[in-house]
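Each reported figure results from applying straightforward, stated rules to the coordinates on display, with no laboratory input. Quick caveat: nothing in here was measured; it's all calculated off a predicted structure. No Cβ is skipped: glycine too gets one built from the backbone with ideal geometry, and neighbour counts run over all protein chains shown.
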Amino acid sequence: MTPPLNQAAYHSTFRAVSNALATTDPIVVAAAALRYVGESVDGFHQLSGATVDCRAGCSFCCWLRIDVRAHEVLLIARHLRAESRSAQLAPTRDRITQAAARVTNITYAQRHTVHQPCALLDHAGCCTVYDVRPAACRRYLSVSVDACEAIWQGEPPASEPENPAIAEPGRFAASGAHNAFLAAGYDGYSYDLMAALAEAMDDPECEARWRLKQPAFSEKSRSTVPDGFSQEEAVARLYAELTAASS
Ligand code: SF4
Ligand code: SF4
């Protein structure tokens with residue numbers, strides 16, 4: 001049975017984001033929804049009483065594969081275009097393109113062997129898009145930097161990095177935000193951050209397609225999945241469930 005806090009995290013986030021989508025520009029809602037998820041995670045952290053090791057400049061977690069939804073990618077692309085001078089943007093774009101090339105057209109098993117830093121990380125180990133970082137980055141708080149380092153080195157950690165009292169409700173809150181976009185008809189596919197961001201930076205029509213409630217990015221940018229799993233079927237099934245629940 002799902003613990004009450006997880007259910008509350010999911011439903012309150014889903015409701016808040018759905019209500020906002022009914023009246024407000026969806027890209028504005030996307031930014032607010034991510035802030036909401038981040039603030040919720042901070043609240044779960046306080047409730048848990050756990051001591052987390054996360055600090056600015058600590059970035060083993062920024063080498064992990066990051067799966068995102070279209071609205072998260074579009075927010076980052078907008079941020080990069082708006083905030084970066086062209087001299088800064090060019091090398092960032094190059095890094096994104098190179099990182100995308102390493103994760104495109106490979107299998108699910110091969111994707112797990114790719115070991116590279118996020119192209120949005122700076123030389124000091126800090127996120128250059130912190131204000132618009134995806135939900136996956138906001139909800140990953142670690143109670144053991146040693147465990148993070150072990151995972152980064154490809155070794156089994158001595159203990160789990162995540163505290164379930166923070167990670168679980170955080171996951172539910174993020175799902176509530178993402179599912180509200182899907183329930184409203186927006187792209188619900190899971191994308192590989194680097195692959196989709198490379199597309200978003202190259203093609204301004206990605207956001208236009210998303211606003212028309214079409215898939216924002218091509219199939220090659222979708223997260224790789226195990227054999228026998230279909231994102232199309234999973235997204236269609238989830239959309240049908242959300243629609244049935246709302247009626
Ligand atoms: S999740 Fe781990 S690697 Fe990332 S900031 Fe926290 S302690 Fe550091
Ligand atoms: S988006 Fe920012 S926080 Fe997330 S993996 Fe990339 S650098 Fe790290």
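Tabulated data for the structure shown
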| item | result |
| --- | --- |
| Ordering of 229-237, 95-103, 33-41 by burial proxy (mean other Cβ atoms within 10 Å per residue, highest first) | 33-41, 95-103, 229-237 |
| Percentage relative contact order, segment 21-157, counting C-alpha pairs under 8 Å, at least six apart | 42 |
| Mean Kyte hydropathy of 0.5 or more with a Cα span along the axis of at least 30 Å, helices from DSSP in the chain | 26-48 |
| Ordering of 150-163, 128-141 by burial proxy (mean other Cβ atoms within 10 Å per residue, highest first) | 128-141, 150-163 |
| Between segment 137-174 and segment 23-38, the Cα center-to-center distance that results, in Å | 25 |
| Alpha-carbon centroid distance for the pair segment 204-226 / segment 97-112, whole angstrom | 17 |
| For SER142, distant residues with modelled amide H under 5 Å away | ASP53, CYS54 |
| Inter-label distance, nm, simple model (7 Å from Cα along the C-beta direction), GLN231/ASP42 | 3.2 |
| Estimated FRET transfer efficiency (THR97, ALA240; beta-carbon r; R0 35 Å; 0.05) | 0.45 |
